[in-house]
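None of the figures in this text is laboratory data; all of them are computed from the coordinates on show. Everything quoted here is computed from the prediction, not taken from an experiment. Glycine gets a Cβ as well: all are built from the backbone with ideal geometry, and neighbour counts include every protein chain shown.
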Amino acid sequence: GQSLEQPSEVTAVEGAIVQINCTYQTSGFYGLSWYQQHDGGAPTFLSYNALDGLEETGRFSSFLSRSDSYGYLLLQELQMKDSASYFCAVREDTGRRALTFGSGTRLQVQP
Amino acid sequence: GAGVSQSPSNKVTEKGKDVELRCDPISGHTALYWYRQSLGQGLEFLIYFQGNSAPDKSGLPSDRFSAERTGGSVSTLTIQRTQQEDSAVYLCASSIGQGASSNEQFFGPGTRLTVL
């Protein structure tokens, strides 16, 4: 079957760095995405990796290793507003752009 | 605003009733998706529309669920004979149909459906 595994909760302090891991087992793979969702809000896109390596966007970076079926989201210089749920999602088909989502990691940033 | 909009924001219905949920995608986005999210869970894919192609209905959980997209824009998700397990937040998203930017999906605020 298809599955994405990520930790359910992570806690960190302001200014710190946190890494949220995601391992996947899917029928196909055409890229790994990350989305952020604040309580009661809509998911918002953070990043997309189709190839191995690190993608950096400001304080957030995302990494992919296709041989290991593994990726992570790295958040630096944590701020209180980063408290949210973070979802990894796999695109399984080149034509079908619908995503298969993990269950999400709830990040709590403490002062 | 130019984002994805959904209506209603909240819907409470009785078991056995039919409901219709509406999604207005971002203008010019040819791809439209419906997902649902149960409390504390990830998003579950339901259906995907791309341009004039036949929709991908592979995520619909039962034949009580159906969706239409009229004129390549507005979409309606219909749930017939609602059950309590249908209670969830139903999220609509849209994206540009092709190219690297198509990997970014823009989500609406969702419709919170409660079946009593």
- log₁₀ of I(q)/I(0) at q = 0.07, 0.15, 0.18 Å⁻¹ - the protein assembly as shown, Debye sum with one point per alpha carbon: -0.22, -1.00, -1.35
- Task: For peptide A:38-44, compute the average count of partner chain beta-carbon atoms within 10 Å of each residue's beta-carbon.
- Result: 5
- Message: With 17 Å as the cut-off, how large is the P(r) tail for chain B, expressed as percent of Cα-Cα pairs?
- Response: 51 percent
- Note on the structure: Log entry: pair-distance distribution for region A:1-82, C-alpha pairs binned every 5 Å from zero, whole % per bin is 3, 13, 24, 25, 20, 10, 4, 1
- Task: Rounded to the nearest Å, what's the spacing between the alpha carbon centres of region A:29-107 and region A:1-21? Just the number, please.
- Result: 10 Å
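How big is the dipole moment of region B:1-98 about its Cα centre under a simple scheme where the beta carbon of each Lys and Arg is +1, that of each Asp and Glu is -1, and everything else is neutral? Debye, nearest 20, please. Walk me through the intermediate numbers first.
Working: 9 positive and 10 negative charges, 15 e Å.
The dipole of region B:1-98 has a size of about 80 debye.
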- Where trypsin sites (Lys or Arg not before Pro) fall in DSSP loop in region B:1-74, at most 16 other Cβ within 10 Å: B:LYS15, B:LYS17, B:LYS57, B:ARG64
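Translational diffusion coefficient, Stokes-Einstein: compute it for region B:66-116 using the Kirkwood radius over C-alpha pairs as Rh, at 25 °C and 0.890 mPa s, and state it as an integer in µm² s⁻¹.
On the way: Rh = 12.9 Å.
Taking Rh from Cα pairs, D becomes 190 µm²/s.
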- Item | Shielding of B:35-42 by partner chains, average beta-carbon count, 10 Å | 4
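What ranking of B:ILE47, A:ILE17 emerges when the number of other C-beta atoms within 10 Å of each C-beta is taken as an exposure proxy, fewest first? Provide the component values of the computation, followed by the final result.
Working: B:ILE47 22, A:ILE17 12.
Lowest count first: A:ILE17, B:ILE47.
Shielding by partners for A:97-107, please: the mean number of other protein chain Cβ atoms within 10 Å of each residue's Cβ. Numbers along the way, then the final one.
Numbers: counts 13, 15, 9, 5, 7, 3, 4, 5, 0, 1, 0.
The shielding value for this peptide is 6.
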- Item | Lys/Arg +1, Asp/Glu -1 at C-beta; the protein assembly as shown dipole; positive extreme among A:MET80, B:THR70, A:VAL109 | B:THR70
